[in-house]
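Let me begin by presenting the structure, written as structure tokens, before commenting on it.
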Amino acid sequence: MKKYSYQGAQLLKKVVSQLAGCIGILFFSVFALFLLAAIPSLEMSKSTPILNDPGVTLFCFAGWFLFIAWIIGSIFINFLPNIWINEDGLQISVFIFFRVRILWGELVDIGAGTPPKDCVLVRTQKITLFHRLYGWLYSRTFYPSFLIGNNISDRDGLVNEIKRRIN
């Protein structure tokens, strides 16, 4: 199994991105929990319509904080995955400590869409739910996708191997 990973400044960029995603998720999740904890202390009259109920407003704010924090945090955490290749397919790192296996037959294409500068987008049939965000952000499809950054080790060899296996 051959590993493709980031070194130097790109590795530092990846670690900072993952750390920012984790801190963002943690901070906004704690904030949402504080909002939820405040709901029982609110005084409400029985005649207050539900749309004017401050408890409902706090609940909605907390829900949006959680939703947005987890979406954006997951994008930051999974931005530049390490990639491993073998005869069956490839594996990518997800959520810092885990790997997802993608068989060669599950790859859709490479190089489509409009990814960030110096990155290549690889679309697949399955990764994780959060990887569908990359497909939507960079190619306006719901195919799960991941990015290959410019400074990954032997990038040209990796991209050529993926192209060869797709065709």
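The values are calculated or read from the model by the stated rules, or taken from the named source; none is laboratory data. Predicted, not measured: the structure shown is a model, and the values here were computed from it. Neighbour counts are summed over all protein chains in view; Cβ atoms, including those assigned to glycine, are modelled from backbone coordinates with ideal geometry. Remember, those area values only see protein heavy atoms, side chains included, never the ligands or the DNA or RNA. Shrake-Rupley method; radii C 1.70, N 1.55, O 1.52, S 1.80 Å.
Some notes on this structure:
- Taking θ as phi - 60° and the Karplus parameters 6.51, -1.76 and 1.60, the scalar couplings of the range 96-110 work out to 6, 9, 10, 10, 10, 8, 10, 6, 4, x, 8, 6, 8, 6, 9 Hz in sequence order, x denoting glycine and proline.
- For the chain, built as a Gaussian network whose Cα springs stay under 10 Å, the top-fluctuating residue of 73, 113, 157: 157
- Rolling a 1.4 Å probe over the heavy atoms of the protein chains gives the chain an accessible area of 59 Å² per residue.
- Secondary-structure-derived ellipticity at 222 nm for the chain, considering helices only, amounts to -15500 deg cm²/dmol, per-run term -39500 (n - 2.57) for DSSP H runs with n ≥ 4.
- Residue separation of residue 60 and residue 38 scaled by 0.36 nm, minus their Cα-Cα distance, works out to 6.6 nm of gained length.
- Measuring r between the beta carbons of residue 155 and residue 9 and using R0 = 22 Å, the FRET efficiency lands at 0.90.
- Inter-probe distance in nm under a simple model that places probes 7 Å from Cα toward Cβ, at residue 2 and residue 166: 1.8
- Charging the Cβ of each Asp and Glu at -1 and of each Lys and Arg at +1, and nothing else, the dipole of the chain about its Cα centre rounds to 340 debye.
- The heavy atoms of residue 36 offer some 60 square angstrom of accessible surface to a 1.4 angstrom probe.
- Qualifying chymotrypsin sites (Phe, Trp or Tyr not before Pro) for the range 91-152 [loop in DSSP, other Cβ within 10 Å: at most 13]: 97, 142
- Rough spin-label spacing in nm, given labels placed 7 Å along Cα→Cβ, for residue 106 and residue 53: 4.2
- Accessible area ranking (1.4 Å probe, heavy atoms, ligands and nucleic acids excluded), largest first, for 87, 106: 87, 106.
- Put a dot 7 Å past the Cα of residue 16, heading toward its Cβ, do the same for residue 128, and the two dots end up 2.3 nm apart.
- Where (i) 43, 22, 12; (ii) 40, 17, 12; (iii) 32, 22, 11 are the candidate values, the label of the one calculated here for semi-axes √(5λ) of the Cα gyration tensor in Å is (ii).
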